[in-house]
1. Taking R0 as 30 Å, what FRET efficiency do you get between B:K85 and B:T286 from their Cβ-Cβ distance, rounded to the nearest 0.05?
2. Can you run phi through the Karplus equation (6.51, -1.76, 1.60; θ = phi - 60°) for the range B:42-53 and list ³J(HN,Hα) in whole Hz, with x for Gly and Pro?
3. How large is the dipole of the protein assembly as shown about the Cα centre if only Lys and Arg carry +1 and Asp and Glu carry -1, each at its Cβ, rounded to the nearest 20 debye?
4. Per-residue mean of other chain beta-carbon atoms within 10 angstrom of the beta-carbon, peptide B:460-468?
5. With the Cα gyration tensor of the range B:93-173 giving a ≥ b ≥ c as the square roots of its eigenvalues, does the rule (a/c under 1.5 for rounded; else a/b larger than b/c for prolate; else oblate) give rounded, prolate or oblate?
6. Just add up the charged neighbours of A:G331: K/R +1, D/E -1, any other residue whose Cβ is under 10 Å from the Cβ of A:G331.
7. Pairs of alpha-carbon atoms within less than 8 angstrom and 6+ residues apart define the contacts here; what relative contact order does chain B have, in percent?
8. Rounded to the nearest 20 debye, what is the charge dipole size of chain A about its Cα centre when +1 sits on each Lys and Arg Cβ and -1 on each Asp and Glu Cβ?
There are 2 protein chains.
Amino acid sequence: MKKLSIKLLLVACFFTVTTAHAQESVDTATFNKIRKAELSNSHIEQIAHYLTDVAGPRLTNSPGYQRAATWAIETMKKWGLVNAKMEPWGEFGKQWDLQDFSISMKLPYMQPIMAYPNPWSPSTNGLQQAQVVLLPGGKMMDTVYIKQHLADYKGKFILVHGSKINTSGNFKPSAERLTDSALAHTSDTYMVERKMIEMYLGTYVKLIARVDALLKNSGAIAVISTGPQNINGTVFVQANGGFKATDPENLPTLNISVEDGQKIKRLIDGGQPVELALNIKATLSTADTKGYNVVAEIPGTDPKLKAQLVMLGGHLDSWTAATGATDNAAGCIVMMEAVRLLDSLGIKPKRTIRIALWGGEEQGLYGSYGYVKNHFMDTDGKLKSEQSKVSAYFNLDNGTGKIRGIYAQGNIAIKPIFEQWLAPFKDLGANTVSLKNTGSTDHLSFDWAGIPGFQFIQDPIDYETRTHHSNMDSYDHLQLADLKQAAIIVASFVYQASIKPDLLPRKAIVKETFAFEGF
Amino acid sequence: MKKLSIKLLLVACFFTVTTAHAQESVDTATFNKIRKAELSNSHIEQIAHYLTDVAGPRLTNSPGYQRAATWAIETMKKWGLVNAKMEPWGEFGKQWDLQDFSISMKLPYMQPIMAYPNPWSPSTNGLQQAQVVLLPGGKMMDTVYIKQHLADYKGKFILVHGSKINTSGNFKPSAERLTDSALAHTSDTYMVERKMIEMYLGTYVKLIARVDALLKNSGAIAVISTGPQNINGTVFVQANGGFKATDPENLPTLNISVEDGQKIKRLIDGGQPVELALNIKATLSTADTKGYNVVAEIPGTDPKLKAQLVMLGGHLDSWTAATGATDNAAGCIVMMEAVRLLDSLGIKPKRTIRIALWGGEEQGLYGSYGYVKNHFMDTDGKLKSEQSKVSAYFNLDNGTGKIRGIYAQGNIAIKPIFEQWLAPFKDLGANTVSLKNTGSTDHLSFDWAGIPGFQFIQDPIDYETRTHHSNMDSYDHLQLADLKQAAIIVASFVYQASIKPDLLPRKAIVKETFAFEGF
């Protein structure tokens, strides 16, 4: 319903806004100053190194997250930002710290296995060698089937295998940039109420928990999964729940490559017993189960406007198979570089600029949602006073690709404004304002509370095919030149929003502001 | 010199052979029978499973090689082939058996490392945890530099790093098929005398041995290498020497991904000490240092011709990071399937068909060269009687891609013959006869002894970019349909050679019959 009505509105509006709209006073002189500074003295490389290589994987509430947050706060303080701090946003869950991991096939012969433990996996209590038994992926949620096979699992590794994956060669590139045609036809994201997502997630997580409890009681050693994208040296690794303080300790879990998984399955199907040796050593702590974001500010300089805010952010948390470079150190790097540029150039924003680096995004946008609930609107829809003071929130979380435009998220009045702001960046490849919704990241929390929240349109590079949530999400998969381009545009947008005479126009608050797809 | 003269000859010959050549009596009825049998009842999948999944990595003289050889012999006996056996070809070297391997980064935080021990690496004597020190790749052969830094290496891991590798995204496909234009312009390979290669290899291996001895005496724990292609989850793993019975035991060596290598280098360059924990457990045995090939025959049925031979083969040995599926289980699978087809169809070859699966190819074509020296010609150029009885040797060792044609290896008289033999396979994509030389595999040993030896032209797929010698060289990277096509063509060619009234025409014996590139 909503999708249709928005589309009709868009058509109606297109003719209006393209024929007459207010002229924006775009400060291109400052835009050029920002661009020149970034291209001559960028800190992108250094920030990227610290947030990925030095911090390591940044799972929400993990030591890696703490290292990254601490470094970001100290660094932004050094740059001159104020109120730089960790800010708790609510209850999250357990702190997971991986201390040791090894796996190999031992029978019929020794061979390394490409594998990564899933976050919040408990320890195996030392090195465990045992046979593998198969559990068809289609039966993974079938408690009747599992109950019938419980005796088979005792003392074994359970390999959950899907249908045969055909690694069809790599005749298509895994990375791409958006064509003009793709930019002209950005896809729309179907939005639903947050509570629908939480109900779905709740039901799903509960079902998984029931299966996990069954498998644990079977006396199996660990559950090994794979996925259709885990080919060609890329392994995607994440967790579905299991992190809450009250969640029981389940079996150790890990993800392996399709090549290894299918080999093991073929051997077992052919009557060859397969033994693996696995060691996972990890600690799960409930010493501090609160979730934290990182925030910092560049104070506004206009006495009348400095109480108002322009916000920008990305999520600092990541999954664990690599160092979360494109998901989403990239966004944090760009946002930190944007505030560094603004601060170091002595540009005087009229409104206060607040950067936020979120935790808990990967588990359900928790950090930004918690922050918005604390600051702007409660779950009953009751607005807090700060809500009216935020002009906009700008987010970057679609990988390492440069900015090609921005999703106006159905905010019709904003389209002509952003078109004028973007005009000076046409030569950098960014000149598309799409009225479509895009989902799956933290601008949705702002959209939910009636605050204009935007995600930029980015070149996909190999974000979907290879890097996000995978063992390939490391520093060397960043496109540093793209991040510099993004920092120039974000800094310019944020600055322009801070000096615009009025706040950016808002949509009416609607309930359906969260995307139903994975985060 | 040779290259030029051959080219002139080719030009002269082109006009001759295209205007007048003998008509071949091609047995297309049998070709069709072979094709139908392969397409309706192929054993490719099963052979592939056994040679890769079940045998495991097939390093020359290793237990995996033994498993594969034993299975191939038993299987071919079951099919009805005769004289199936392991045949020693001469002195090779140590048997290496990997029994345990684990590696992870421990400081500044724990994280898995994508790494594989190099073949013939000795054990680390248990799990060793220590700091990493850097050795620039450009200094790897600089004994003066290394001597100056020996004290730095004591008790440490030495990371040999090259120049920064830019993982530029993957905007180009890594796999491809040959275009008509590529087929029309196959490249020529510069050929040299075998003794030149052995001199070069000898010098190179001696220099490496000197460096290895220096590093070992430094008291370092292991040498860690990477290479410019070790990106995106692919790690290439091989060894330069170290396998001969008289070779000293060097330091443990391993190969890691560029992503891991560059991260470690950036951390160390940034003043962050990096510690790894490594365990390699491997046995090096000199109980049997002879090298072995696998041979088997389908006896010829013509009393006058059955003493003559048509040979076909691929190399059974592989490197160790995966199961050597495309290099070169693929060739062995196709050759085994070809003889199975011929045998199971009750086709009566006039000449005897002999299949050979070589060992020691990866270390320098040793298995085929040794075989040819034992059977056909000694190193002084003295021919043995069997030399005159071999019509041709057909080889397949350019990966998993289907056959697009054949390299005539400068054999001008053979071009019109092969063109007629290939004509029935135009619809399968194979219709190019190139007069060019191609190098790097076992047909060269036959060429050296004056026996027509041929390698087919194959679609490259992702052989060069991803699979050969790498951790990606596993069953799931085989193109099974391509292997079926190849088996049809090879079986047909071998059969046709077996019934041709005369032996295939020969070139004069020249000294320059080995390619200088890597094997």
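The values are calculated or read from the model by the stated rules, or taken from the named source; none is laboratory data. Being a predicted model, the structure only gives us computed values, none of them experimental. Ideal geometry is used to build each Cβ from the backbone, glycine not excepted, and the neighbour counts take in all protein chains shown. Just the protein is used for accessible areas: all its heavy atoms, side chains included, with ligands, DNA and RNA removed. Shrake-Rupley method; radii C 1.70, N 1.55, O 1.52, S 1.80 Å.
1. The computed FRET efficiency comes out at 0.80.
2. Going residue by residue, I get 7, 9, 3, 4, 5, 4, 4, 4, 5, 6, 10, 4 Hz, with x marking Gly and Pro.
3. The calculation lands at about 460 debye.
4. 2
5. Note, shape of the range B:93-173 comes out rounded.
6. That works out to -4.
7. 23
8. The dipole magnitude comes to about 740 debye.
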